[in-house]
Amino acid sequence: MTAAPKLDRSRLRAGMRVAVAVSGGADSVALLRTVVEDAPEIGLVVCVAHVHHGLRGAEADADAEFVRALADRLGCAFHLHRVDTSAVARENQQSIEEAARVLRYAWFRKLLAAGQADAVATAHTLDDQAETVLHRLLRGAWTEGLGGIHPVVEAGRGVILRPFLGVRRAEIEAWLRALGQAWREDTTNAETVFTRNRIRHELLPRLAEFNPRVAEQLAHMAGLARDEEAWWDAELRRLLPQLLLPGKPVRGGGRAVSTHPHESSVGMELERLRALPVALRRRVLRAAAEQLGCALNFDQTQRLMEMVAADASAAGAKKQDVAAHLRAERTARELGLLRGAESASRGEARGQAESYELPIPGEVTGLGVTLVAKLLEGTGGLRDGERLPAAILRTPRPGDRVTLKHSRGPKPLKEIFERMGVAAEERKPWPVVAWQGRIVWMRGVVVENESPFEIGVGD
């Protein structure tokens, strides 16, 4: 007899009410069967949670009925939650995948908050972990992203558990076949239009030809990354109060902190930053931006690193917009980060107030052009749990740089304009599109655009 998949019991306690999230697929069906079998020994109260996403029509209805029947047969209470995923995706400008995930977890948290369960168990496997790590690696994740799927997520009055995270999908399916237990197949899981499915069906099998244990290695990397991040989090909590100075310095000493609800700023002494090891300096800069509500990518962080490294007489940028609503300013003593209305007002003072939001996907008209942004096929959302932010159609600003297609790196706009032969008086109203601190479109040139959308000129 094929052995049952090993359930991680480390967070399961006697008397705990566990809602098992069951889609009807092999992984979740196996998780439910395993939890129900172990429940008497551990002392668990088990129920079943199923989300009907309003997708796939009769197929989804049949999934819900299959899960309901399985719950009844196993003697578990059944909770059904219906959502209109397509409508939410349109409203929030999300992919279907991302909207569905957000809706699922919002409901799981409601179950916990309402006291209907102490834990929600999801059936993520080692294969899911490997796919997640590889997906994030391809998108340029930092080490916190490479931590992948966490085994335990605190969720207010309860926890979300992943007790199958060390189990292979093939092992699960073999056990179900030996039991004679049926499961449902989601036909969309085979559609390679989705990036996640292409990784599962095309990329990982190809990598397995080089290393048959590539999935386990990626899962190991996730565990190492989570441990590294836990250490860094503790270290930064200890060091940041010593390094971050709230507000801006004022003449005569002291610091001024804005009382505007949408303004905030922080300063860091350059000499103290330069004395830090490079890895720590980079972490401090990113943490400072995060305190102002901005998550920096690699290029944005590198621009701040360059500002720190330059001395007061250097020709590099002393002021630049690093990301949307985040501005960096370097003085002889400090690097300051400014967020919100304070940063915007400086742009207006320079006569650069004209800007327009470009929804993604969506269209905008301004500065003499009409632009259309379309999501690339297979994009699963920018980051888990977050809405894809709008781009900004605007005029050039001091410190702007752009990377042209097939070029070696970002160049100042002044250099690009000189190559194009654009006169100085024509440059001020020149349209560019910025997204997440990078210029992703510029009239008259082909820009290297690594964002999950493309921009075209409309009629």
Handout entry: Order of Ser265, Ser86, Ser28, Ser451 under a 10 Å beta carbon neighbour criterion, fewest first
Key = Ser86, Ser451, Ser265, Ser28
Exercise for the section: Compute the distance in nm between two label points, each set 7 Å from the Cα along the Cα-to-Cβ direction, one at Gln302 and one at Glu154. Expected result: 3.6
Fill in the blank from the handout: Membrane-span-like helices (DSSP H runs, Cα span along own axis at least 15 Å, mean Kyte-Doolittle at least -1.0) in the chain -> 26-42, 57-74, 96-113, 126-138, 169-179, 214-243, 278-291, 298-309
Practice task
Note the listed values (i) 76, 54, 47; (ii) 58, 54, 50; (iii) 59, 58, 45, then indicate which one is Cα extents along the principal axes in Å calculated from this particular structure.
Solution key: (i)
Completion exercise
For the pair Arg272 and Thr143, the simple spin-label estimate (label points 7 Å beyond Cα toward Cβ) gives in nm 2.3
Problem - Spatially near lysine pairs across the chain, Cα under 25 Å, sequence gap of 8 or more or different chains - result: 13
Problem - Unit charges at the beta carbon, dipole of the chain: most positive-side option, Ile392, Val278, Gly75 - result: Val278
Fill in the blank from the handout: Pseudo-spin-label distance Arg213 to Ala113, built 7 Å along Cα→Cβ, given in nm, is 4.4
Exercise for the section: Using the number of other C-beta atoms within 10 angstrom as an exposure proxy, rank His201, His124, His135 with the fewest first. Expected result: His201, His135, His124
Exercise for the section: Quote to one decimal, in nm, the extra length available between Arg56 and Trp231 on full extension: 0.36 nm per residue of separation minus the C-alpha distance between them. Expected result: 58.6 nm
Problem - Ranked Thr85, Thr122, Thr2, criterion: other C-beta atoms within 10 Å, fewest first - result: Thr2, Thr85, Thr122
Problem - Computed lengthening from Arg251 to Ser86, 0.36 nm per intervening residue step minus Cα-Cα distance - result: 53.9 nm
Completion exercise
Nearest-0.05 FRET efficiency for Glu173 and Glu448 at R0 = 35 Å, using Cβ-Cβ distance, is 0.25
Problem - Contour minus Cα-Cα distance for Leu203 and Thr2 (0.36 nm per residue) - result: 69.5 nm
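Laboratory data are not the source of any read-out in this text; all were calculated from the coordinates shown. Note that the coordinates shown come from a computational prediction; the quantities given were computed from them, not determined experimentally. Every residue, glycine as well, gets a Cβ built from its backbone with ideal geometry; the counts of neighbours run over all protein chains shown.
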